[in-house]
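Before any comments, here is the structure.
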Amino acid sequence: MEERAIPMEEVVSVPATPRTAPRTPEVVSVPATPRTAQRTPPTSVPHSLLHSPTLTRSPLLISAPKTPRTPRTPRFITPLASPMRKAVVTMRGYLEEVGHLTKLDPQDAWLPITESRNGNSFYSAFHTLSAGIGAQALVLPLAFTFLGWTWGIFSLSVAFVWQLYTLWILTQLHETSVGGTRYSRYVHLAQAAFGEKLGSWLATFPTMYLSAGTCTTLVIIGGSSMKQFYQIICGQTCARSQPLTTIEWYLVFACLAVVLSQLPNLNSIAGVSLIGAVTAVGYCTLIWVVSVIKGRPSGVSYDPVKSKSDVARVFDMLNALGIVAFAFRGHNLTLEIQATMPSTLKHPSHIPMWTGVKFAYLLIASCLYPVAIGGFWTYGNLIPPSGILTALNIYHQQDTSKAILGLTSLLVVLNCLCTFQIYAMPVFDSMEAGYTSSKNRPCPYWLRSGFRVFFGAVSFLIAIAFPFLSGLAGLVGGITLPVTFAYPCFMWILLKKPKKNGAMWYINWGLGCLGMALSLLLVAGGVWSVIDSGLKVRFFKPE
């Protein structure tokens, strides 16, 4: 039927259908605005045509005057349907573009991890790189002395691909597509997957151990590197100037770390993480390049270290695998880093997070492989237990300039100071969460500072009491391996529920079970290595 415009002077009526008796059509009057009341007569439209496509396409929609606006009536509340539909479409687009469509815990605005949500892919790259590479990479050549060339490179490659896959799983599980819940902490995701009690039991200890244990190790490494830097710069005059003791250097490092830790939240330390990332890449590259250029010392051998027995040989290889596993740390911070980013339907947080992660791990691979391969090529079985940095100072101290050696130690100190901040942030968050949960209010500034000073003091005391912690890389790698290699696979199965007997189902079940079995074996290997090598347990006697 051909459509025609409805004159303003006419009253449009719709005849009743044959099934009903004829009756007078119901008419709705649309009053004109006060300014045009004298020139335009009222327009009447029956209810039957009020929402019809014909009416919306006719000139009546354009020529009909608007309803007078009053303080009590919003602009979009009009008798016509088209403005209402436009308002709904506009609001929907606004929510998709700007509005946060995820369920957030109200206390998140008071805690340091989720206090600021203006992160981006650059922040993700800085934090991931600072957390993913550090002094643990310098011990990789030691693992090659037990594994050899072939198995060493193979183990490093498998571990790299495996942990990158589990990292992708964590970024995808950060927020659910149904309900919009964001899991901003590793423990929360574990509780959602395994249950509140079991998830807390499985994840709390290893993640807190990774954070607090790493900070303690950083105090040991950073304080020792500060002492070494002072000795390199000072030279022979140090003996006459009464230098600081090792404990005093630990205290200096801890004080600097506590001062820097007063930055309020995770987003505020993005610049600190950038410095940590640059210094980590800098000293890793500098150490292996100088070592390769200076050449191999005499007596270098690449044959695997001989063990006392076949059983000892197996446990030594397991300990070496634990060292490789410990080189890939930082998964306990992935969800926390992603929690600092905004998330909408059109722009979910996993996109910038994964972009930053890919860039960060490209740089991490460019550091780990040269350090492991170049360090083992240069020093072979002569690598000391403390890693390639100690080997550089032992074998090339005489033929390497003090400027290079001093710069290397200084970069290590700066990296330890910066890495301390990102690993301490989950501990700060946990401390403040206890206060905000009980008081239902944000943590005051003086108490927040007190928490951070307290944690720095505890890390310092543990570093003094257990100065041998840096030599337990294999054991620590075995304990924390499930956090990186096993738990994410089980979380994917429980939360995403892939098709049974499908590819993702088999992959995640296989990797998860293999990771748990490896964890038990690596812990056994680490304990055996400590007993067999006769680790010097020096309580309160740092060297």
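A short reminder: the numbers here are calculations on the coordinates, not readings from a lab. A quick note: this is a predicted structure, and the numbers were derived from the prediction, not measured. Note: ideal-geometry Cβ built from the backbone for every residue, glycine included; neighbour counts use all protein chains shown.
Normalised by the empirical 2.2 N^0.38 Å for globular proteins, what value does the Cα Rg of the range 215-286 take? Mind dumping the intermediate values first?
Values: Rg = 14.6 Å, N = 72, 2.2 N^0.38 = 11.2 Å.
Ratio of Cα Rg to 2.2 N^0.38 Å: 1.31.
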(message) Which of rounded, prolate or oblate describes the range 283-333 when judged by the alpha-carbon gyration tensor and an a/c cut-off of 1.5?
(response) oblate
(request) Apply the Karplus parameterisation 6.51 cos²θ - 1.76 cosθ + 1.60, with θ equal to phi minus 60°, to every residue of the range 397-409 and state each ³J(HN,Hα) to the nearest whole Hz, in sequence, with x for glycine and proline. (result) 5, 6, 9, 10, 5, 5, 4, 5, 5, x, 5, 4, 5
(request) Give a residue-ordered list of calculated ³J(HN,Hα) values for the range 477-490 (Karplus: 6.51 cos²θ - 1.76 cosθ + 1.60, θ = phi - 60°; whole Hz; x for Gly, Pro). (result) x, x, 5, 8, 4, x, 4, 8, 10, 10, 4, x, 5, 5
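What is the percent of Cα-Cα separations in the range 279-416 that go past 23 Å? Spell out each step's value before the answer.
Numbers: 4667 of 9453 pairs.
So the portion of pairs separated by more than 23 Å is 49 percent.
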(message) Compute and list, largest first, the equivalent-ellipsoid semi-axes of the range 183-251 from the alpha carbon gyration tensor, each √(5λ) rounded to a whole angstrom.
(response) 44, 9, 6
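Report, to two decimal places, the Cα Rg of the range 351-406 normalised by 2.2 N^0.38 Å (N = number of residues). If you can, show how the numbers build up before the last one.
On the way: Rg = 15.5 Å, N = 56, 2.2 N^0.38 = 10.2 Å.
Its radius of gyration relative to the 2.2 N^0.38 Å reference: 1.53.
The range 233-295: which chymotrypsin sites (Phe, Trp or Tyr not before Pro) are DSSP loop and have at most 12 other beta-carbon atoms within 10 angstrom? Intermediate values should be presented prior to the final figure.
Numbers: sites: W249, Y250, F253, Y283, W288; in loops: none.
Sites meeting the loop and neighbour criteria: none at all.
If you filter the range 171-265 for trypsin sites (Lys or Arg not before Pro), then keep DSSP loop positions with at most 11 other Cβ within 10 Å, what is left?
R240
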(request) Quick one: grab Rg to one decimal and Dmax as a whole number for the range 429-470, Cα atoms only, in Å. (result) 13.6, 41
(message) In whole Hz and in residue order, list the ³J(HN,Hα) couplings for the range 370-383 that follow from phi through the Karplus curve 6.51 cos²θ - 1.76 cosθ + 1.60, θ = phi - 60°; x for Gly and Pro.
(response) x, 5, 5, 6, x, x, 5, 5, 6, 10, x, 6, 7, 4
(request) Give the Debye-formula value of log10 I(q)/I(0) at each listed q (0.14, 0.20, 0.21 Å⁻¹), with one equal scatterer per alpha carbon of the range 111-260, two decimals each. (result) -1.01, -1.36, -1.39
(request) Describe numerically, in nm with one decimal, the distance between label points set 7 Å from Cα along Cα→Cβ at K439 and at L461. (result) 2.2
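What shape does the range 253-325 have by the C-alpha gyration tensor, where a ≥ b ≥ c are the square roots of the eigenvalues, rounded means a/c under 1.5, and otherwise prolate means a/b greater than b/c and oblate the rest?
Working: a/c = 3.49, a/b = 1.81, b/c = 1.93.
Since a/c reaches 1.5 but b/c is at least a/b, the shape of the range 253-325 is classed as oblate.
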(message) For a quick check: with amide H placed at 1.01 Å from N, whose amide H comes under 5 Å from T181's, ignoring anything fewer than 5 positions away on the same chain?
(response) K103, T176
(message) Over all directions, the average projected area of the alpha-carbon convex hull for the range 406-481 comes to how many nm²?
(response) 7.2
